[in-house]
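Worksheet for the structure shown next.
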Amino acid sequence: MTEITRVPLLPIAKGSMTRLWLGLAVAVLGGAAIASVGKPPLVDVQTIAPGAGPSPAGDDYVMINYTGRLANGVVFDSANRAVLPLQRVVPGFTKALEQMQAGGKYLVKIPAKLAYGDKAVGQIPANSDLTFSVDLVDFKTAAEIEAQQRMFEQLRAMQAAHPAGAAGAPGAGDPAAEPAMPQ
């Protein structure tokens, strides 16, 4: 026969469950506070006018119109139709561009930690938050840019092999070679 062993449960003291739940809540809130301290600051991207289609990513190149300002409103940089690789701009600008769509206009606020941090660069003092107004004109992948570069190199090679005005080329520019106009 099997013998069943009984283990008596001790009574729970009055109010101990409340203290247990409060302790658990404090532990969870404390952990969340510690996690938020270690979390990197976020880039703020506000849409002024929405764009359409996909967003740039990874090794894409963007064509943008932009104006960069310091927190005091001083313009430190601006350009029209600037072509930039996403991998070669400050991390905050990359994160912002990855949230945009071609044809859109945006206001971007980048905290200092995601910009130049504690380094002064040009007119930008160390630990400066940056604000940009950005128009994303277009973007292309690295593969598309490389294909265009190869096409232009082939075109230049063809032009070098057959310069304008070469013998036998139509419209060579020699008046004696041009057909006479009927009178």
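The values are calculated or read from the model by the stated rules, or taken from the named source; none is laboratory data. Fair warning: this is a prediction, and the values are worked out from it, not measured in the lab. We place every Cβ from the backbone using ideal geometry, glycine too, and count neighbours over all the protein chains shown.
Points to keep in mind about this one:
- In summary, Gly117 fulfils each of the numbered conditions (1) part of a loop (DSSP other than H, G, I, E, B); (2) in contact with a strand residue (DSSP E or B) (Cβ under 6 Å, 6 or more places away or on another chain); (3) not acidic (Asp, Glu) with the single exception of condition (2).
- Which numbered condition Gln87 misses (of (1) within 12 Å of the chain's Cα centre (by Cα); (2) under 23 Å from Asp129 (Cα atoms); (3) surrounded by 13 or more Cβ atoms within 10 Å (Cβ to Cβ); (4) touching a residue at least 24 places away in the same chain (Cβ under 8 Å)): (3)
- Answer residue from region 145-183, given it is closer than 30 Å to Pro85 by Cα and either of a type in the set (Asp, Glu) or not in a helix (DSSP H, G or I) (or both) and is modelled with the highest pLDDT among those: Glu153
- Some residue of region 64-76 being without any contact (Cβ under 8 Å) to a residue 24 or more places away in the chain, in contact with a strand residue (DSSP E or B) (Cβ under 6 Å, 6 or more places away or on another chain) and not polar (S, T, N, Q): yes
- Unique match (being of a type in the set (Ser, Thr, Tyr), out of contact with any His (no Cβ under 8 Å at 6 or more places or on another chain) and outside any helix (DSSP H, G or I)) among Thr18, Thr67: Thr67
- Count of residues meeting criterion [crowded, with 17+ Cβ neighbours inside 10 Å and either of a type in the set (A, V, I, L, M) or over 13 Å from the mean Cα position of the chain (by Cα) (or both)] in region 91-124: 13
- Residue count, region 134-163 (criterion: among the acidic types (Asp, Glu) and under 14 Å from Pro56 (Cβ atoms)): 3
- Residue list for region 49-63, filter: assigned to a strand (DSSP E or B), surrounded by 11 or more Cβ atoms within 10 Å (Cβ to Cβ) and either without any contact (Cβ under 8 Å) to a residue 60 or more places away in the chain or within 11 Å of the chain's Cα centre (by Cα) (or both): Tyr61, Val62
- Residues being in a helix (DSSP H, G or I) and loosely packed, with under 14 Cβ neighbours inside 10 Å - total across region 125-144: 2
- Scanning region 21-48 for residues that are aliphatic (A, V, I, L, M) and outside any helix (DSSP H, G or I) returns Leu42, Val43, Val45, Ile48.
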